[in-house]
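J.: Below you'll find the structure I mean.
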Amino acid sequence: MRPLLLYAALCLSPLVCAPTLAAPAREPLTVAIGYLGYRPDPGPLLSNVIPEPEDAGLQGAQLAIADSDTTGRFLQHDYQLTARDAQSPEQLAAAAKALHEAGLRLFVVNAPTQSLRQLADAMPDSLLFNAGSADDALRTSLCLPNVLHTLPSRAMLADALAQFLAVRQWNRWLLIVGQRPEDRAYAETLRRAAKRFGHRVIAEKAWSFDNDQRRSAQAEMPLFTKGGDYDVVLVADEHGDFGEYVPYHTWLPRPVAGTQGLTPTGWHKTVETYGAAQLQRRFETQAGRWMNDRDFAAWIAVRSIAAAVTQLGRADPTAIRALSLSDDLPLDGFKGRKLGYRPWNGQLRQPIPLVHPRALVSNSPQDGFLHPVSELDTLGYDAPESRCRLSESIR
């Protein structure tokens, strides 16, 4: 048979000739994401603690847009971020309404619990990623159906710390609790973690001073921490009113952990393995500062959207939510493990670094803490402990 006739005969089979056909052109897709930021004024601080950057969270979202566009351009996916920072809950709600009316349905929210709840209720057809509130109630009882959480909960942080202290056998705790509601919430998660991992709070003291510890810590803190024999001092001081002055001033020569000292966090400059160093460099080049936990929470939120859009081929919030709550979303967060969202409450499973200001000490979950589904679920509230059932597969 002549070569031309042979080719014509073979081309009767589409399986043979398919590789020679031109691939159909992809339709361009614009993925519009809104960033909504509002952090209340913390009021006067009683120490010279370094304040959180005003653009914390936003810089992480912006970097994730650039990272997503790097791969998205090959699929003709264009990622766009519209950011709104507000000075009040009312301004935040108005900004969200304007973006929603403009057609946006995907949002990264860096705001307190009450604002997040208001936004979720006002935009039920949207998908919101919580990158600003560590409130455990969002993961256990409030159960907002259109919200996923990328910031670790307080319970996750406390469990991560308690596991490490259990490994070191530092089981007797002196707990110091600040005056703010956030401090009391953090302390409650520490008490829960103590019971969960075999620790004992031998003494608990409420910090009730309103003086400047920069001048008086050396005289006052040793007397305040006197009493009983403890292995470690646990501090619940989220705003830094006094906690920075506890290390090296305790009555007994003991380590300090919690919101100060050895600190569990979602992200820190000292996280460098599994490709994290490259992420850190890209962020510092863009922002001119270190990446913090809210930056990472916003970054991984945008990257979650991008991973879902790449797989789905569309930016539908309902489809992205369903994929995120399944086991099929490919998500890399430079933490050495596959990340994914818990199907019952939408919390991002992730290892928790334990750091002091200049070094990474450890990562939790610690070796030996097992779970039938994922060792990452030893951190925070497990499915039986939560009333949330976001996925239909969870009963």
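J.: Which condition from (1) modelled with pLDDT of 95 or more; (2) open to solvent by 40 Å² or more (accessible area, probe 1.4 Å) is the one that PRO330 breaks?
T.: (1)
J.: May I ask you to list pairs of residues, at least six apart or on different chains, whose Cβ atoms are under 8 Å apart, with the first in the range 241-260 being without any contact (Cβ under 8 Å) to a residue 24 or more places away in the chain and the second being open to solvent by less than 20 Å² (accessible area, probe 1.4 Å)?
T.: PRO247/VAL256; PRO247/GLN260
J.: Can you tell which of SER326, SER391, SER362 is over 16 Å from LEU151 (Cβ atoms) and part of a strand (DSSP E or B)?
T.: Just a single option satisfies the conditions, and that option is SER362.
J.: Only one of (1) under 25 Å from THR259 (Cβ atoms); (2) in contact (Cβ under 8 Å) with a residue 60 or more places away in the chain is not met by ASP125, so which one is it?
T.: (1)
J.: Being modelled with pLDDT under 95 and either out of contact with any Leu (no Cβ under 6 Å at 6 or more places or on another chain) or among the small types (Gly, Ala, Ser) (or both) narrows it down to one residue among GLY228, GLY261, GLY266; which is it?
T.: On inspection, the qualifying residue turns out to be GLY228.
J.: Sticking with this one: Of the residues that sit in the range 333-355 and are among the small types (Gly, Ala, Ser) and assigned to a loop (DSSP other than H, G, I, E, B), which one is most open to solvent (accessible area, probe 1.4 Å)?
T.: The selected residue is GLY336.
J.: Out of the range 137-158, which residues are over 13 Å from the mean Cα position of the chain (by Cα) and open to solvent by 20 Å² or more (accessible area, probe 1.4 Å)?
T.: ALA137, THR140, SER141, LEU142, CYS143, PRO145
J.: Still on this structure, please answer the following. For residues in the range 261-287 being touching a residue at least 24 places away in the same chain (Cβ under 8 Å) and among the hydroxyl-bearing types (Ser, Thr, Tyr), which is surrounded by the fewest Cβ atoms within 10 Å (Cβ to Cβ)?
T.: The qualifying residue surrounded by the fewest Cβ atoms within 10 Å (Cβ to Cβ) is THR273.
The values are calculated or read from the model by the stated rules, or taken from the named source; none is laboratory data. The structure presented is a predicted model; accordingly, all values stated were derived computationally and were not measured. Positions of Cβ are backbone-derived with ideal geometry, glycine not excepted, and every protein chain shown enters the neighbour counts. SASA here: full protein model, heavy atoms, side chains in, ligands and nucleic acids out. Shrake-Rupley method; radii C 1.70, N 1.55, O 1.52, S 1.80 Å.
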